[in-house]
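Let me begin by presenting the structure, written as structure tokens, before commenting on it.
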Amino acid sequence: MTGKTKQKAASEELGYEQARDELIEVVRRLEAGGTTLEESLALWERGEELAKVCRRWLDGARARLDAALAEEAGAEGAGEGAGEDG
């Protein structure tokens, strides 16, 4: 496994809060400057990976929320028609 492959695999195992906190640190370091071009590029690439991890977590949370809301709406809809004889 190459270094980038290991780093990507490790990124995918991070929780949302861990990825977010590391991303904040990466951005802070980039904004502070004082790094070489190579270091800056490595930080940028790490930031991109961390942003993807965060996006996957947020997309998953959104899907779960949408499913729960749809289930709740379906349960309410099924209950409204029950007992009505017209």
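Cβ-Cβ distances below 9 Å connect the following pairs, each with a first residue in segment 25-41 that is touching a residue at least 24 places away in the same chain (Cβ under 8 Å), a second residue that is open to solvent by 50 Å² or more (accessible area, probe 1.4 Å) and in a helix (DSSP H, G or I), and a separation of six or more residues or different chains: VAL26/TRP44. Filtering GLY33, GLY81, GLY15 for residues that are at pLDDT 95 or above and loosely packed, with under 10 Cβ neighbours inside 10 Å leaves a single hit, GLY33. Looking only at residues of segment 18-60 that are of a type outside the set (Gly, Ala, Ser) and not in a helix (DSSP H, G or I), we find that the one that is nearest to the chain's Cα centre (by Cα) is THR35. Of everything listed in (1) open to solvent by less than 100 Å² (accessible area, probe 1.4 Å); (2) touching a helix residue (DSSP H, G or I) at 6+ places or on another chain (Cβ under 9 Å); (3) at pLDDT below 95, the single unmet condition for THR2 is (2).
The values are calculated or read from the model by the stated rules, or taken from the named source; none is laboratory data. Model, not experiment: these values are computed from the prediction. All Cβ positions, even for glycine, are placed from backbone atoms using ideal geometry, and neighbour counts span all protein chains on display. Calculation scope for accessible area: heavy atoms of the full protein, side chains included, ligands and nucleic acids excluded. Shrake-Rupley method; radii C 1.70, N 1.55, O 1.52, S 1.80 Å.
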